[in-house]
1. What does the C-alpha gyration tensor say about the overall shape of the stretch 52-91? Classify as rounded when a/c is under 1.5, otherwise prolate if a/b is larger than b/c, or oblate.
2. Using a 10 Å cut-off on Cβ atoms, rank the peptides 232-239, 57-64, 152-159 from the highest mean neighbour count down.
3. For the stretch 33-119, just say rounded, prolate or oblate: build the C-alpha gyration tensor, square-root its eigenvalues into a ≥ b ≥ c, call rounded for a/c under 1.5, and beyond that prolate if a/b exceeds b/c, oblate if not.
4. Apply the Karplus curve 6.51 cos²θ - 1.76 cosθ + 1.60, θ = phi - 60°, to the phi angles in the stretch 144-153 and return the couplings in whole Hz, x for Gly and Pro.
5. Show me, for the stretch 169-176, the HN-Hα J-couplings you get by feeding each phi into the Karplus relation (A = 6.51, B = -1.76, C = 1.60, θ = phi - 60°), rounded to Hz, glycine and proline as x.
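Every read-out reported here was derived from the displayed coordinates using simple, explicitly stated rules and does not represent laboratory data. For clarity, every value in this text was computed on a predicted model and none was experimentally measured. As a convention, Cβ positions derive from the backbone with ideal geometry for all residues, glycine included, and neighbour counts pool all protein chains shown.
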Amino acid sequence: MAVGGGVIGIIIYLIYSFLGGDPSQLPQSIPQSETSQLSSEQQAADDERAKFVKVVLADTEDVWNKLFADKGSDYSEPTLVLFRDGVASACGNASSASGPFYCPSDNKLYIDLSFYQELQERFNAPGDFSMAYVVAHEVGHHIQNLMGTAEKVSRMRSQVSEKEGNRYSVMLELQADFYAGVWAHHAQRMKNILESGDIEEALRAANAIGDDRLQKQATGEVVPDAFTHGTSAQRMYWFKKGYETGDISQGNTFNEP
Ligand SMILES: [Zn+2]
């Protein structure tokens, strides 16, 4: 019974968080998965992933430091927390199934290494750049926090219906995708980081973790009102727009139909 409940709990979690659930609303009594026992090969693969995440984060810092300096302000860098078997954040506890997230209350980026493994194995988005895209998207939420957009939207949300509020959440998510694209644009100019096929890889990751795909996999049907990350097409559109323009001022996802 205990094992069954745990597994069901984890599945509910997985669905909840992939649908864009806010980690601050996670129930506190999550059935924690057993601490994973990684083989030495798995551990080596995890170490590689960890190293990769740190390099990408450093690349985002170079880009955002420059873009903030261009506007005459300072970029305050987020703190990275790598985890695998669950983690406690200022936004609540997260299980390993909650995937990567950003917590605005502690300015930390929580990157779930088991999610990366899953991205590689389950979503057919195996390349390095799809992992970079996930980091850049979470950093996008940090940018929204620094710019006050996240706070403005949560104020707006409290004044409208749940359905309307969900639309605002989608726009926030799409803007984080846009910022990931802006990062890729400048990282390419500064360091020539991209290999051929990388942008397609990022778009495939955006596509793989778009809510419509996940909802289809979970329920067999798509329920647009429950979307919180946007459709795959919307996510690709905004990532591409950021990548092509490299211009933060063009990321007003709130004004575009
Ligand atoms: Zn997001």
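1. Details: a/c = 5.88, a/b = 1.94, b/c = 3.03.
It is oblate, given that a/c is not under 1.5 and a/b is not larger than b/c.
2. Values: 232-239: 22.0, 57-64: 19.6, 152-159: 12.8.
Descending packing order for the listed peptides: 232-239, 57-64, 152-159.
3. Values: a/c = 3.57, a/b = 1.67, b/c = 2.14.
Taking the square roots of the gyration eigenvalues as a ≥ b ≥ c, the stretch 33-119 is oblate.
4. 4, 5, 5, 7, x, 5, 4, 5, 4, 5
5. Result, rounded to whole Hz: 4, 4, 5, 5, 5, 5, 5, 5.
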